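Any read-out appearing in this document is the output of simple, stated calculations on the displayed coordinates, not a laboratory observation. Here the structure is a predicted model, which is why all the values come from computation and not from measurement. Positions of Cβ are backbone-derived with ideal geometry, glycine not excepted, and every protein chain shown enters the neighbour counts.
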Amino acid sequence: MKKTVYFVFALFCGPVFGQQAKAPAPRKFELKAESPKFWDLFAQDASLEKIATGFGFTEGPVWDPRGFLYVSDEEKNMLSRVYPDGRVENVLSIGDPDGSTLDAKGRLITTASVLRAIIWVRKDGQYKILADRYEGKRFNSPNDIVLGPDGALYFTDPTLDLPKGETQELAFQGVYRLDKHGKVTLLTRDLTQPNGLVFSPNGKRLYIDDTKTREIRVYDVTASGELANGKVFAKEEGRGGVPDGMRVDTSGNVYVTGPGGIWVWDPDGNHLGTIMMPESTANFNWGGPEYQTLYITARTSVYRLPTKAHGFVRGRHAKPLSKPSAK
């Protein structure tokens, strides 16, 4: 999701007129603990490495087990492969690509804002639209997508990247399920701008963040696959970022982009600490052979950070369930 930048102009008079405004301090990497448990997840001397740069606005990282990262560039309208050694290979030129995931078959699935659709990107660089409507009306601008515990795809559809000049056809911003037959099911419409989403490792909870309210909400996933008992899990206040991309580790800790970088929460909603980033951070994902590396898309660059924690990536750690387990 591209960030909206607001410019504020102030008129000064009196003795301070003409003084140059103090420039904000440059952002820098820091592991900032709010709890000793944060150091169970990261080494205190862990270092952040920039592996590629020169992008417009990076988003949608997803690790391919063949040893590279898919990355979306929303400003340069490109989907690329980024290798651990920094090599970049362009895969598909398409307007405003955003969140991505691998489906149950290992295929690359991407949200394409300009198409207002969910697409499958084939190995030959071509794509196929899997869904672009709900009850005959076009989606707003699909934003993020994950593989669910039942093997279906779950995605958010805010208006954050609704193409300029186009009409919003749906009267709400929804969260949906897309099954293997192409059926689209609305799960909830009670968020103002739903953005990132992630399931707990056991599939019993679905976390969804709301960029406008800065809230992270959590829902129980029923045995029939519906969402129930939605409530606020946490809220991220501050400047320099908003709730966007989300992931979990194998212990169920929840990682969410926010002011300054990436906030880490335990399963009970306690803030363990923050990964402070040198650039505004939109998304991230687990990667590497053991999923102990965070690959982070931050504005113009892609970074990596080693972790003690093991990232949970559905399809790599567990076979899809026939349906989510009852709580």
Going by the alpha-carbon gyration tensor, a ≥ b ≥ c the square roots of its eigenvalues, is region 229-310 rounded (a/c under 1.5) or, if a/c is not under 1.5, prolate (a/b greater than b/c) versus oblate? oblate
Using 19 Å as the cut-off for backbone N distance, which residues of region 236-254 belong to the label zone defined by a point 7 Å from the Cα of ALA25 along Cα→Cβ? 237-241
Gap in Å between the Cα centre of region 201-276 and the Cα centre of region 44-69? 21 Å
FRET efficiency for GLU34 and LYS76, Cβ-Cβ distance as r, R0 = 45 Å, nearest 0.05? 0.80
Order these by the 10 Å Cβ neighbour count, fewest first: GLU135, GLU49. GLU135, GLU49
Around ASP45, under 13 Å between beta carbons, what's the net of Lys plus Arg minus Asp minus Glu among the other residues? 0
Relative contact order of region 184-251, defined on C-alpha pairs under 8 angstrom at six or more residues apart (%): 31 percent
Cβ-based exposure ranking for HIS181, HIS271, in which fewest neighbours within 10 Å come first: HIS181, HIS271
Rounded to whole Å, √(5λ) for the Cα gyration tensor eigenvalues of region 139-296, largest first, gives 23, 20, 15
If the viscosity is 0.692 mPa s and the temperature 37 °C, what Stokes-Einstein diffusion coefficient in µm²/s follows for the chain when Rh is the Kirkwood radius over Cα pairs? 164 µm²/s
How much length is gained if the chain between ALA223 and GLN292 is pulled fully straight, taking 0.36 nm per residue apart and subtracting their Cα-Cα distance, in nm to one decimal? 21.7 nm
Can you give the net charge of the other residues whose Cβ lies under 13 Å from the Cβ of GLU166, counting K and R as +1 and D and E as -1? 0
Sort ASP98, ASP73, ASP85 by Cβ crowding within 10 Å, fewest neighbours at the top. ASP85, ASP73, ASP98
